[in-house]
Amino acid sequence: MTTSPLHDWNLAPAEAIALQRRLAGRVERADRLAEVRHIAGVDIGFEESGAITRAAVVVLAWPRGSEREWTVVERVVHREPTRMPYVPGLLSFRELPAALGAFDELETQPQLVMVDGQGIAHPRRLGVASHLGLWLDLPTIGVAKSRLCGRHAEPGPERGDWTPLTDGHEVIGAVLRSRSGVKPVFVSPGHRISLPTALDWVIHCLGRTKLPEPTRLADRLASRRGQ
DNA sequence: GCGACAG
DNA sequence: ATCTTGTCGC
């Protein structure tokens with residue numbers, strides 16, 4: 001077996017929390033991105049009543065062909081037995097093992113990764129997107145469908161309108177109206193990216209749907225609803 | 001003690 | 001996350 005770059009995954013809740021506090025100090029909140037040619041979207045689904053975790057990664061070419069033309073470069077689905085239950089705040093310990101398995105099978109090297117879940121908009125500033133970014137040493141962005149922590153005002157009604165997500169005086173993300181008339185998404189930096197840049201990328205990847213294309217396609221593939 | 005709580 | 005049909009609206 002290989003030696004884990006950061007840690008192993010079988011941890012008790014108290015240990016996982018202590019680990020998150022340590023890892024959070026390694027998260028980079030400033031932009032450190034290479035020229036983007038491929039953007040990956042990641043999401044997790046379950047089979048067998050939750051006994052099997054199914055990770056999906058979709059890689060899209062950038063820049064895209066035309067306004068609403070995306071080129072899917074690669075798609076990977078990786079399954080493995082589920083190890084941990086869902087515990088709010090400890091999501092990465094449940095989902096990352098399978099996600100990393102999917103990345104191991106990926107042939108294309110993305111320069112940016114969008115994850116279904118929070119980045120630093122997390123109680124200890126280490127949501128699943130940040131944790132994955134540290135492990136892969138790649139820029140990551142968290143795009144969640146609901147809030148885990150922080151306070152915010154309701155964003156405007158038009159696509160692109162957003163308000164800051166804050167915790168105390170710290171800005172930890174943005175609440176973005178990705179589509180008018182629909183509940184907003186929660187965008188937060190994962191690793192090696194700033195909030196303004198993360199927001200730009202998410203907005204660039206928006207189609208007519210609520211979720212940006214990378215995450216939307218990964219979502220479909222993970223739930224096997226996708227093709 | 002009473003809520004809140006990514007997926 | 002997942003279990004699930006029809007239905008309202010652009």
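Please find, within the stretch A:120-135, the residue that is surrounded by the fewest Cβ atoms within 10 Å (Cβ to Cβ) out of those that are of a type in the set (A, V, I, L, M) and in contact with a strand residue (DSSP E or B) (Cβ under 7 Å, 6 or more places away or on another chain).
It comes out as A:134.
If the condition is being among the acidic types (Asp, Glu), surrounded by fewer than 19 Cβ atoms within 10 Å (Cβ to Cβ) and within 16 Å of DNA strand C (Cβ to nearest atom), then the stretch A:30-49 contributes A:47, A:48.
The condition of being closer than 30 Å to residue A:77 by Cα and small (Gly, Ala, Ser) holds for only one of A:190, A:181, A:156, that being A:190.
When A:197, A:215, A:209 are checked against the criterion of being surrounded by fewer than 22 Cβ atoms within 10 Å (Cβ to Cβ), in contact with an Asp or Glu (Cβ under 7 Å, 6 or more places away or on another chain) and either small (Gly, Ala, Ser) or not in a strand (DSSP E or B) (or both), a single residue qualifies: A:197. When A:173, A:150 are checked against the criterion of being crowded, with 18+ Cβ neighbours inside 10 Å, without any contact (Cβ under 8 Å) to a residue 60 or more places away in the chain, more than 24 Å from residue A:33 (Cβ to Cβ) and away from DNA strand C (no atom under 15 Å from the Cβ), A:150 stands alone in meeting it. Annotation: residue A:144 fulfils all but one of (1) at pLDDT 95 or above; (2) within 16 Å of DNA strand C (Cβ to nearest atom); (3) farther than 23 Å from residue A:32 by Cβ; the unmet one is (3). Of the strands (runs of 3 or more DSSP E) lying entirely inside the stretch A:1-102, the ones with 1 or more residues being away from DNA strand B (no atom under 15 Å from the Cβ) and more than 19 Å from the chain's Cα centre (by Cα) are found at A:72-81. Scan the stretch A:130-170 for residues that are assigned to a helix (DSSP H, G or I) and polar (S, T, N, Q) and the total you get is 1.
The values are calculated or read from the model by the stated rules, or taken from the named source; none is laboratory data. Remember, predicted model here, so these are calculated numbers, not experimental data. Backbone-built Cβ (ideal geometry, glycine too); neighbour counts: all protein chains shown.
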